[in-house]
């Protein structure tokens, strides 16, 4: 863990209890005078250094040593428009997308998205925050939803589309927004609507699952 997110980070004294205490004391085996780093979600660019000054079976106390602006983020930004799939599949790849630097994900209920899939953004936030603490990232990932592709493209006409095409994504490609379909791909009507957009594919003969495609495209653009 690179740092810990805590709502009280920045205070001169911190008292840690509960699960975080167990993790720091029993799993990470921190002891007196160890130095730990904390950030506060409300001012996440600031890195606070603390020293453990007291440790017992139920809590540990930390004293603030220093605070400094220390921002860690991707050199590029990528906004992914992702046709809705099973939330469990989304959660599995969210940490990877966070580590790579994806800035935003817009979930779209496409023609082939199962409408019973419900997205819990609060749960997604918790997954992303855990990834941020492990990777060091300091920029929060944002989420929103759209009822259909047309509404999204109206707002973001520069969107590139990942689909079957003769146009292979090059290693030096650089764009800020991409649309990726759900399982089964885009419907006939959606393909017709997207004809005016720039379409590309990856250089592989295999058919990728939606979540595999998202990770592959993000890594190609951001890393």
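Within the stretch 115-126, is there a residue that is assigned by TED's automatic domain parsing to the domain that holds residue 217, within 18 Å of residue 213 (Cβ to Cβ), in a loop (DSSP other than H, G, I, E, B) and out of contact with any strand residue (DSSP E or B) (no Cβ under 6 Å at 6 or more places or on another chain)? Full working, then the answer.
As a first pass, look at the stretch 115-126 and keep what is assigned by TED's automatic domain parsing to the domain that holds residue 217: 115-126.
Those left that are additionally within 18 Å of residue 213 (Cβ to Cβ): 117.
Pick out the ones that are also in a loop (DSSP other than H, G, I, E, B) and you get 117.
Retained after the next criterion (residues that are out of contact with any strand residue (DSSP E or B) (no Cβ under 6 Å at 6 or more places or on another chain)): 117.
Yes, the stretch 115-126 contains a residue that is assigned by TED's automatic domain parsing to the domain that holds residue 217, within 18 Å of residue 213 (Cβ to Cβ), in a loop (DSSP other than H, G, I, E, B) and out of contact with any strand residue (DSSP E or B) (no Cβ under 6 Å at 6 or more places or on another chain).
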*Could you run through the stretch 79-104 and say how many residues are in a loop (DSSP other than H, G, I, E, B) and within 22 Å of residue 2 (Cβ to Cβ)?*
3
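Conditions tested, residue by residue: (1) in contact (Cβ under 8 Å) with a residue 40 or more places away in the chain; (2) part of a strand (DSSP E or B); (3) farther than 17 Å from residue 129 by Cα; (4) not assigned by TED's automatic domain parsing to the domain that holds residue 11.
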{"position": "26", "(1), (2), (3), (4)": "no, no, yes, no"}
{"position": "32", "(1), (2), (3), (4)": "no, no, yes, no"}
{"position": "36", "(1), (2), (3), (4)": "no, yes, yes, no"}
{"position": "42", "(1), (2), (3), (4)": "no, no, no, no"}
{"position": "49", "(1), (2), (3), (4)": "no, yes, yes, no"}
{"position": "53", "(1), (2), (3), (4)": "no, yes, yes, no"}
{"position": "57", "(1), (2), (3), (4)": "no, no, yes, no"}
{"position": "62", "(1), (2), (3), (4)": "yes, yes, yes, no"}
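Which of the residues that make up the stretch 2-19 are exposed (fewer than 14 other Cβ atoms within 10 Å of the Cβ) and either in contact with a strand residue (DSSP E or B) (Cβ under 9 Å, 6 or more places away or on another chain) or assigned to a helix (DSSP H, G or I) (or both)? Break it down stepwise before answering.
From the stretch 2-19, those exposed (fewer than 14 other Cβ atoms within 10 Å of the Cβ) are 7-8, 12-13, 15, 17-19; that's our starting set.
Within the stretch 2-19, 8, 12, 13, 15, 17, 18, 19 meet the criteria.
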*Selected residue [under 23 Å from the mean Cα position of the chain (by Cα) and surrounded by 17 or more Cβ atoms within 10 Å (Cβ to Cβ)] from 140, 169*: 169
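The values are calculated or read from the model by the stated rules, or taken from the named source; none is laboratory data. None of these values were measured; they are calculated from a predicted model. Virtual Cβ from ideal backbone geometry, glycine too; neighbours counted across all protein chains shown.
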